[in-house]
1. Would you mind counting up the charge near residue 141? Only other residues with Cβ under 12 Å from its Cβ, with Lys and Arg at +1 and Asp and Glu at -1.
2. Averaged per residue, what accessible surface does the chain expose to a 1.4 Å probe, in Å²?
3. Might you report the magnitude of the Cβ-based charge dipole of the chain about its Cα centre, with Lys and Arg at +1 and Asp and Glu at -1, to the nearest 20 debye?
4. Given [x] 14.1; [y] 18.4; [z] 16.9, which label gives mean projected area of the Cα convex hull in nm² as computed from the coordinates?
5. Sorted by packing (mean other beta-carbon atoms within 10 Å per residue), highest first, where do 255-262, 136-143, 276-283, 83-90 land?
6. Of all beta bridges DSSP finds with both residues in the chain, what is the antiparallel percent, to the nearest 5?
7. Given springs between every Cα pair under 10 Å in a Gaussian network model of the chain, which of 235, 106, 183 has the largest fluctuation?
8. For the full complex of protein chains and a 1.4 angstrom probe, list 190, 68 by accessible area with the highest value first.
Amino acid sequence: MTDTTGEHVDRGAPGVSPGAVWLREELLDIASAASPDRGPVVVREWTDSVRLRDPAPVGFRSLFLIGMGGGAHPSPSKFGEVLAAFAGAGWTVRPHASDRDGESRTTARHEDFEVRVYEGSGSGLLTLTGWTPVVYPELPLSQPPFTLSTTPGVLCWDCHGWRICLDCEGRPYLRYKRCRCATNNAGAGMCVECAGLGFRSSEAATWRRPRQEPHDTDTEGAFPPVTVETGHDSTLRALTDVAQRACTCGEFRCSWRNSLSREGDRLLSRFGGTCQGCGVRRAYAFALPLP
């Protein structure tokens, strides 16, 4: 479903919380302040469900992917200006951003709200992935360490990101019979499946999930060679397209990386990432018009 501004809204999502409304506007204001000449775009907004033992969710958090910059030609970095805008708005910014292959990334926090800040290599594409704390309509529960969109790997299919054993709720000795997690190497009361991490690495997850074709998963490098597509005039528009596409497992969630480079007589904007549903690698490439 699409609203009047062209932004994607997932069907079946729970009602929008006041915190989600605040976060969306806060991210747009910060992005606009950092780049007034090129307005931000809401690339996608969605929700993560939170589960316990039953399939029915007990809570949800709202997430937003905001894109800015990413024109049709290489442009200077806006990363420092965006971090300064977050700090000026009262956010706590992680002091040391990590740089890799010309990319930059860090996180910012404001109370229980968190944002992942990322800038691609060469294109000037900068994305803000922000999420709210989990809202529980009925039960007074604590915040889970991870949900599907916020893990560094694939959400644990046994504890659903809670890290503890859900059979005993982290209390293995309070019942007449010791819980199976009592002898867990990660510690009694912790999830046996993920050893108390709350997630599984992408490599450990693929054996039990649907896989893509071998050439999409077995090629080395962050941006493996794929068929080059056309039809977009900027990296930001290409990202908006990619963010709506689903993996072969059906999951759309993916922390996309980007690189823009000139190859021969064309500009190539490449996207790569790991599916947060099944752990396989995904990649796309788009030919952009030369400036």
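1. -1
2. 49
3. The calculation lands at about 1000 debye.
4. So the structure-derived entry is [z].
5. Ranked from most to least packed, the peptides come out as 276-283, 255-262, 83-90, 136-143.
6. Around 95 percent antiparallel, to the nearest 5.
7. Most flexible of the set in this elastic network: 183.
8. Greatest to least solvent exposure: 190, 68.
The values are calculated or read from the model by the stated rules, or taken from the named source; none is laboratory data. Just so you know, these numbers come straight off a predicted model, no measurement behind them. Here Cβ is always computed from backbone atoms with ideal geometry, including for glycine, and neighbour counts include all displayed protein chains. These area figures cover heavy atoms from the full protein model, side chains too; ligands, DNA and RNA do not enter into them. Shrake-Rupley method; radii C 1.70, N 1.55, O 1.52, S 1.80 Å.
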